[in-house]
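S.K.: There's a structure below that I have some questions on.
The values are calculated or read from the model by the stated rules, or taken from the named source; none is laboratory data. Please read all numbers here as calculations on a predicted model, not as lab measurements. Heads up, the Cβs are rebuilt from the backbone with ideal geometry, glycines too, and the neighbour counts pull from every protein chain shown.
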Amino acid sequence: MAIETYTSVPSLAGVYARAALPGATSGDTIPDTTLVLTGHTVDRSHLLSYQRLCGFDGSDTLPHTYPHVLGFALQATLMSRKQFPLPMVGLVHVENVITVHRALTADDVLDVSVRAEGLRPHAKGRQVDLVTEVDVAGERVWEGRSTYLKRGRGDADAPRGEAPPAIPTGAPAAQWRLAGGLGREYAAVSGDVNPIHLSRLTARAMGFPSAIAHGMWTYARVLGAIGPRSSGPSTSHVWFKKPVLLPTTVDLVLDPAARPVVAGLRSTRKPDVEHLVLTLDA
């Protein structure tokens, strides 16, 4: 496997523009390449901005989902290459699993690696996994698996993954009003400048009626509301369901007595519209 090393987080300024060009992809197999960001030191001001936006406390402990932000630029760089088998524009983030092996802090020096694997048929198209791993001094401390779907001709006989649990019912544990500019705020922190998140105009060009919230923001916001238990050794699994069209109001629903904890996000106006469901085993 080829290894490409970066000493700073790659810029995503031209990645989406490159990915949107006709014929941007031509491969039919996963590139045998791992991208590695070495010796990364967390910027505490960036960490604090992320914590505030996603509802985590402002400590030196890295939130459960924060390393994903560091790995996302590597993910996008890999997916935007011509050899990648699925076009990056139009991929839908449908599922994510994260395991934190030990609590991480802003003092840790991180080595972040990303590779693709598991190109496979799906009932609604094709899927691929982007695997992100984080090491500190040679010790594996964090890992995540992001599953993306390219909609298209599917295979009804394709193996199905783990089914999500039912979203909790009953009164909401919290209710959040999400502003129309939330996507731009999260893009500024995460680097994920996918046009579907930035404005009504750019989202409409991609087939959405309005800008949609980043799935990784909704994931992080729910974990932030659950509390600090996710920052230590823990595993979460999220299934993204319906997009969150901005602006809107959403309900957090929670079953804290379940093991693992089960939480969900649903529309306040239409409670039958479910945006995500996740489990947290801490």
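S.K.: Select from the range 149-163 the residues that are under 30 Å from L104 (Cβ atoms) and either at pLDDT 95 or above or surrounded by fewer than 19 Cβ atoms within 10 Å (Cβ to Cβ) (or both) and list them in ascending order.
M.R.: Going through the range 149-163, the residues under 30 Å from L104 (Cβ atoms) turn out to be 149, 161-162.
Hits for the range 149-163 are G161, E162.
S.K.: I'd like to check something: does the range 240-251 contain any residue that is of a type in the set (A, V, I, L, M), closer than 30 Å to T105 by Cα and buried (at least 20 other Cβ atoms within 10 Å of the Cβ)?
M.R.: No.
S.K.: From A211, A220, A187, grab the single residue that is of a type in the set (A, V, I, L, M) and within 24 Å of H101 (Cβ to Cβ).
M.R.: On inspection, the qualifying residue turns out to be A220.
S.K.: With the requirement that a residue be more than 16 Å from the chain's Cα centre (by Cα) and either part of a loop (DSSP other than H, G, I, E, B) or buried (at least 22 other Cβ atoms within 10 Å of the Cβ) (or both), what does the range 42-54 give you?
M.R.: V42, D43, L47, listed by residue number.
S.K.: Okay, moving on. Looking only at the range 227-239, filter to residues that are at pLDDT below 95 and crowded, with 20+ Cβ neighbours inside 10 Å; which one of those is farthest from R151 (Cα to Cα)?
M.R.: Here the answer is S231.
S.K.: Another question about this same structure. With more than 21 Å from G161 (Cβ to Cβ) and either under 17 Å from the mean Cα position of the chain (by Cα) or at pLDDT below 95 (or both) as the only criterion, which of G191, G264 stands out?
M.R.: Only one candidate qualifies: G191.
S.K.: When you go through (1) under 19 Å from E274 (Cα atoms); (2) touching a Gly at 6+ places or on another chain (Cβ under 9 Å) one by one for T132, which number turns out not to apply?
M.R.: (1)
S.K.: A further question follows. Filter the range 70-120 down to the residues that are among the polar types (S, T, N, Q) and in a helix (DSSP H, G or I), then identify the one that is farthest from the chain's Cα centre (by Cα). Walk me through it before giving the result.
M.R.: First pass over the range 70-120, keeping only residues among the polar types (S, T, N, Q): 75, 77, 80, 83, 96, 99, 105, 113.
With in a helix (DSSP H, G or I) added as a condition, the list becomes 75, 77.
Details: Q75: 11, T77: 15 Å.
The extreme case among them is T77.
S.K.: Suppose the filter is in contact with a helix residue (DSSP H, G or I) (Cβ under 6 Å, 6 or more places away or on another chain) and under 29 Å from P87 (Cβ atoms); does V134 pass it?
M.R.: yes
S.K.: Now for a different question. Restrict the check to the range 136-147 and report whether at least one residue is at pLDDT below 95 and either in a loop (DSSP other than H, G, I, E, B) or among the acidic types (D, E) (or both).
M.R.: no
S.K.: Taking T235 and the conditions (1) under 16 Å from V89 (Cα atoms); (2) within 19 Å of the chain's Cα centre (by Cα), which numbered condition does it fall short on, given that it satisfies the others?
M.R.: (1)
S.K.: While we're here: Is it the case that some residue within the range 196-218 is part of a loop (DSSP other than H, G, I, E, B), touching a residue at least 60 places away in the same chain (Cβ under 8 Å), within 30 Å of P256 (Cβ to Cβ) and among the hydrophobic types (A, V, I, L, M, F, W, C)?
M.R.: No.
S.K.: Has the range 199-206 got at least one residue that is in contact with a helix residue (DSSP H, G or I) (Cβ under 7 Å, 6 or more places away or on another chain), among the hydrophobic types (A, V, I, L, M, F, W, C), at pLDDT below 95 and surrounded by fewer than 19 Cβ atoms within 10 Å (Cβ to Cβ)?
M.R.: Yes, that holds for at least one residue.
S.K.: Only one of these is in contact with a Lys or Arg (Cβ under 6 Å, 6 or more places away or on another chain) and modelled with pLDDT of 95 or more: T65, T34. Name it.
M.R.: Working: T65 fails: in contact with a Lys or Arg (Cβ under 6 Å, 6 or more places away or on another chain).
Exactly one of T65, T34 is in contact with a Lys or Arg (Cβ under 6 Å, 6 or more places away or on another chain) and modelled with pLDDT of 95 or more, namely T34.
S.K.: Moving on to the next point. Please go through the range 228-282 and pick out each residue that is in contact with a strand residue (DSSP E or B) (Cβ under 9 Å, 6 or more places away or on another chain), assigned to a loop (DSSP other than H, G, I, E, B) and farther than 29 Å from T61 by Cα.
M.R.: Once the filter is applied, which keeps residues that are in contact with a strand residue (DSSP E or B) (Cβ under 9 Å, 6 or more places away or on another chain), assigned to a loop (DSSP other than H, G, I, E, B) and farther than 29 Å from T61 by Cα, the range 228-282 yields K241, K242, P243, L246, P247, T268, R269, P271, D272, V273.
S.K.: Next up: Within the range 82-95, is there a residue that is surrounded by 21 or more Cβ atoms within 10 Å (Cβ to Cβ) and within 19 Å of R44 (Cα to Cα)?
M.R.: no
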